[in-house]
Amino acid sequence: QAQLVESGGGSVQPGGSLKLSCAVSIFRFSSYTLAWYRQAPGPENGRERIASITTHNVTNYTDSVKGRCTISRDNAKSTVSLQMTSLKPEDTAVYYCNFHPPYPNWGQGTQVTVSS
């Protein structure tokens with residue numbers, strides 16, 4: 001059973017930056033594709049995958065964050081990070097890490113709020 005603990009969220013002004021981190025407890029972390037997901041406020045918004053990184057460090061981003069976010073992993077520390085820059089109000093969401101495809105159990109997420 002994997003455990004996922006996200007951190008690093010906060011409140012920033014538009015144009016600001018944040019780095020999110022996720023500690024993942026699972027055997028053979030390096031064998032998994034990892035991803036960051038987010039869920040914007042409102043019941044109509046589901047959880048969307050915004051970035052992923054494979055076991056060979058191949059990355060993929062959704063169009064809305066491409067060029068502004070960088071996903072990385074540290075297999076020695078079993079962590080995955082998301083560096084976010086040029087943040088926009090529409091980036092406001094709870095951010096989660098998980099595998100890709102995701103496991104059923106999610107962490108608590110970390111809140112990112114972008115507002116002036």
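The values are calculated or read from the model by the stated rules, or taken from the named source; none is laboratory data. Quick caveat: nothing in here was measured; it's all calculated off a predicted structure. Glycine gets a Cβ as well: all are built from the backbone with ideal geometry, and neighbour counts include every protein chain shown. For the accessible areas, the whole protein counts, side chains as well, though only heavy atoms, and no ligand, DNA or RNA atoms are used. Shrake-Rupley method; radii C 1.70, N 1.55, O 1.52, S 1.80 Å.
Under a plain spin-label model, where a point goes 7 Å from the Cα along Cα-to-Cβ, how far apart in nm are Thr59 and Ser30?
Going from the Thr59 label point to the Ser30 one covers 2.0 nm.
Give the value in nm², to one decimal: projected area of the alpha carbon convex hull of region 1-46, averaged over all directions. It would help to have the intermediate numbers written out before the result.
Working: hull surface 19.5 nm².
Averaged projected hull area, Cα only: 4.9 nm².
Answer with one residue from Pro89, Ile71, Asn45: the one whose Cα lies farthest towards the positive end of the charge dipole of the chain, charges on Cβ with Lys, Arg +1 and Asp, Glu -1.
Farthest towards the positive pole: Ile71.
Return an integer: the convex hull volume of the alpha-carbon atoms of the chain, in Å³ per residue. Numbers along the way, then the final one.
Details: hull volume 10.7 nm³, N = 116.
Per-residue hull volume (Cα only) is 92 Å³.
Percent of alpha carbon pairs in region 60-116 separated by more than 14 Å?
64
Ignoring ligands, DNA and RNA, what percent of the 1.4 Å accessible area of the chain is carbon and sulfur?
48
Where the only charges are on Cβ atoms (+1 Lys, Arg; -1 Asp, Glu), what is the dipole of the chain about its Cα centre, to the nearest 20 debye?
Values: 10 positive and 7 negative charges, 56 e Å.
I would put it at about 260 debye.
Please state the Cα pair-distance histogram of region 23-62 with 5 angstrom bins from zero: what percent is in each bin?
Going out from 0 Å in 5 Å bins, region 23-62 shows 6, 21, 21, 21, 15, 10, 6, 1 percent.
Which longest uninterrupted range of the chain lacks any trypsin sites (Lys or Arg not before Pro) assigned by DSSP to a loop state (not H, G, I, E or B) and surrounded by at most 13 other Cβ atoms within 10 Å?
Result for the longest clean stretch: 78-116.
For Ser86 and Glu44, compute 0.36 nm times the residue count separating them, minus their Cα-Cα distance, and round to one decimal in nm.
Length difference between fully extended and current span is 12.6 nm.
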